Amino acid sequence: MTAQTAPGADSAAGIVIIGAGTAGVTAAATLRAGGYGGTVTLIGAEPGLPYRRTALSKDLLAADLSEARIALQKPEFWDAKSIDVRDSVRVTAIDPDARTVALDDGSALRYAALVLATGGQPVRPGWLDDAVPSLRTRDDALAIRDDLRRSERLIVIGGGLIGLELAASAASHGMSASVVEVSDRLVGRVMPAVVSDYLAALHADNGVWLRTSSAADSAGPRRVQLADGTHLVGTVVAAIGARPDLALAEAAGVPVCPDGIVVNSALATDVPGIYAAGDVAALPDLRTGAPARGEHWFGATDQGKAVAKSVLADLAGTPAPTFAEVPRAWTMQYGVNIQMVGWPTASDDIRVDGSLADSDALVTTFDEGGALIGAVAVGRAAAARECRSEIAAGLGSKV
Ligand SMILES: Cc1cc2nc3c(=O)[nH]c(=O)nc-3n(C[C@H](O)[C@H](O)[C@H](O)COP(=O)(O)OP(=O)(O)OC[C@H]3O[C@@H](n4cnc5c(N)ncnc54)[C@H](O)[C@@H]3O)c2cc1C
């Protein structure tokens with residue numbers, strides 16, 4: 001395609017993508033697949049080639065986390081597609097009037113369009129010692145694994161999906177594993193209670209020591225003290241959620257909400273030429289229209305594709321396509337594949353088909369009108385796909 005230059009854009013400038021995670025990488029690849037012939041620069045703060053973050057917590061003790069194994073693209077891809085990948089470099093400022101970004105190596109880049117795909121950072125409350133690792137990067141995973149192999153005792157603070165995947169890995173390798181969760185059930189943010197109960201039983205059956213409704217008062221790298229005075233000793237990992245770092249966007253005057261960079265359904269911000277995608281972006285929820293941010297692999301990938309198409313449409317002066325995908329995510333624990341689609345926690349009208357005790361079940365959620373709005377498929381990947389299609393059909397013209 002031959003992209004024209006949008007009003008205000010610099011004809012010699014190319015497309016700059018900040019963040020070399022799955023959203024940024026997919027956006028870069030989609031720009032080339034869409035025929036964009038200008039400069040594409042992908043800037044990532046982490047060292048090395050872009051990699052699959054989801055691999056970091058799945059059977060951590062046995063996983064092959066070599067760069068080649070978890071790379072998002074083969075090394076030759078980047079040259080073949082003429083995509084300029086810059087690793088170990090951080091963007092420190094955006095000037096939306098001059099359409100430039102400043103990098104921490106002292107250089108600057110002009111852009112015709114800028115994609116913010118900066119993901120999220122682990123939550124680090126004050127009671128957490130700086131030496132306690134969180135799991136977000138490949139370096140974090142390698143360091144946690146080394147320490148865990150020495151201690152053979154894992155203490156996870158946070159009973160979310162990443163924490164449970166870590167616990168499953170330790171328990172599967174015969175190590176002691178404990179999970180401490182402040183709320184009254186596991187994975188409460190993303191799963192219905194019946195699935196929380198199932199996961200609690202699955203972990204307990206595998207020897208994991210679970211403590212819900214239990215706050216950590218203080219935590220160092222080898223010790224956690226709970227509010228009730230209990231002390232736990234082992235390799236401590238904080239898995240208490242992630243938040244987007246909004247400072248870069250805010251300083252540039254890009255509108256943000258408490259939980260993300262606000263974009264429209266074409267993934268464009270209010271600032272001309274600036275877009276956002278992936279874990280950092282808060283886009284109109286398909287059901288409510290309110291800004292909502294996901295933290296799921298498929299969402300980041302789908303948005304990476306969509307943001308590239310929007311950029312290309314804007315540069316060509318054609319209408320930008322609308323992004324409308326029913327959310328989907330998965331986790332893998334003790335060899336059980338669990339898929340989530342739609343909004344499984346949005347209502348209390350829950351039905352269970354099959355047997356959760358046998359890790360073979362479909363949990364479905366319905367709205368007040370009886371329409372399917374969410375599902376969790378335990379050991380039934382095909383059922384998740386069918387539910388997603390049904391939810392999309394129910395949303396009609398929105399998807
Ligand atoms: C351990 C782990 C396991 C997961 N497992 C699953 C799973 O099983 N299923 C699932 O659906 N989801 C899973 N997720 C979530 C999924 O990985 C994320 O939703 C996805 O990676 C988000 O992609 P992203 O490109 O938006 O952001 P990220 O992958 O976070 O990438 C953003 C990149 O931007 C870089 N960056 C930030 N600021 C700057 C800057 N100023 N300059 C330059 N670079 C910058 C960051 O260093 C980072 O490399 C998991 C997440 C983790 C951490």
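Just one residue in the set R293, R287 is in contact (Cβ under 8 Å) with a residue 40 or more places away in the chain, within 16 Å of the ligand (Cβ to nearest atom) and closer than 22 Å to A320 by Cα; that residue is R293.
Within the stretch 60-73, being surrounded by fewer than 18 Cβ atoms within 10 Å (Cβ to Cβ) and either within 25 Å of G160 (Cα to Cα) or not polar (S, T, N, Q) (or both) holds for L61, A62, A63, D64, L65, E67, A68, R69, A71.
Using the structure shown, decide if L199 is over 19 Å from R153 (Cβ atoms) and touching a helix residue (DSSP H, G or I) at 6+ places or on another chain (Cβ under 7 Å). Full working, then the answer.
Details: over 19 Å from R153 (Cβ atoms): yes; touching a helix residue (DSSP H, G or I) at 6+ places or on another chain (Cβ under 7 Å): yes.
The answer is yes for L199.
A quick yes/no check of all residues on (1) within 11 Å of the ligand (Cβ to nearest atom); (2) more than 25 Å from the chain's Cα centre (by Cα); (3) modelled with pLDDT under 95:
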position	(1), (2), (3)
T5	no, yes, yes
T22	yes, no, no
L31	no, no, no
P47	yes, no, no
Y51	yes, no, no
K58	yes, no, yes
R90	yes, no, no
A98	no, yes, no
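Among the candidates T22, T54, single out the residue that is assigned by TED's automatic domain parsing to the domain that holds I94, surrounded by fewer than 24 Cβ atoms within 10 Å (Cβ to Cβ) and either under 22 Å from A281 (Cβ atoms) or among the hydrophobic types (A, V, I, L, M, F, W, C) (or both). Steps first, please.
On the way: T22 fails: surrounded by fewer than 24 Cβ atoms within 10 Å (Cβ to Cβ).
Selected residue: T54, the only one of T22, T54 that is assigned by TED's automatic domain parsing to the domain that holds I94, surrounded by fewer than 24 Cβ atoms within 10 Å (Cβ to Cβ) and either under 22 Å from A281 (Cβ atoms) or among the hydrophobic types (A, V, I, L, M, F, W, C) (or both).
Within the stretch 354-379, residues that are farther than 15 Å from Q339 by Cβ sit with their Cβ atoms under 8 Å from residues that are modelled with pLDDT of 95 or more and among the basic types (K, R), at 6+ positions apart or across chains, in these pairs: F366/R351. Which residues, taken from the stretch 79-88, are of a type outside the set (G, A, S), in a loop (DSSP other than H, G, I, E, B) and within 14 Å of the ligand (Cβ to nearest atom)? Matches in the stretch 79-88: D87 only. Within the stretch 298-318, residues that are in contact (Cβ under 8 Å) with a residue 24 or more places away in the chain and within 12 Å of the ligand (Cβ to nearest atom) sit with their Cβ atoms under 6 Å from residues that are hydrophobic (A, V, I, L, M, F, W, C) and not in a helix (DSSP H, G or I), at 6+ positions apart or across chains, in these pairs: Q303/A277; G304/A277; V307/V115; V307/L267; V307/A277.
Take the conditions within 30 Å of L164 (Cα to Cα), assigned by TED's automatic domain parsing to the domain that holds T39 and surrounded by fewer than 16 Cβ atoms within 10 Å (Cβ to Cβ) and apply them to D104. Does it pass? Break it down stepwise before answering.
Working: within 30 Å of L164 (Cα to Cα): no; assigned by TED's automatic domain parsing to the domain that holds T39: yes; surrounded by fewer than 16 Cβ atoms within 10 Å (Cβ to Cβ): yes.
When the stated conditions are applied, D104 does not pass them.
Here R243 meets each of (1) more than 12 Å from the ligand (Cβ to nearest atom); (2) surrounded by 15 or more Cβ atoms within 10 Å (Cβ to Cβ); (3) in contact (Cβ under 8 Å) with a residue 60 or more places away in the chain with one exception, condition (1). Residue pairs whose Cβ atoms lie under 6 Å apart, separated by 6 or more positions or on different chains, with the first residue in the stretch 37-59 and under 16 Å from R145 (Cβ atoms) and the second more than 9 Å from the ligand (Cβ to nearest atom) and hydroxyl-bearing (S, T, Y), are D59/S169.
Based on this model, can you work out whether T365 counts as part of a strand (DSSP E or B), among the polar types (S, T, N, Q) and buried (at least 16 other Cβ atoms within 10 Å of the Cβ)? Criteria met by T365.
The values are calculated or read from the model by the stated rules, or taken from the named source; none is laboratory data. Small disclaimer: the values here were computed from a predicted structure and weren't measured. Glycine also receives a Cβ, built like all others from the backbone with ideal geometry; neighbour counts cover every protein chain displayed.
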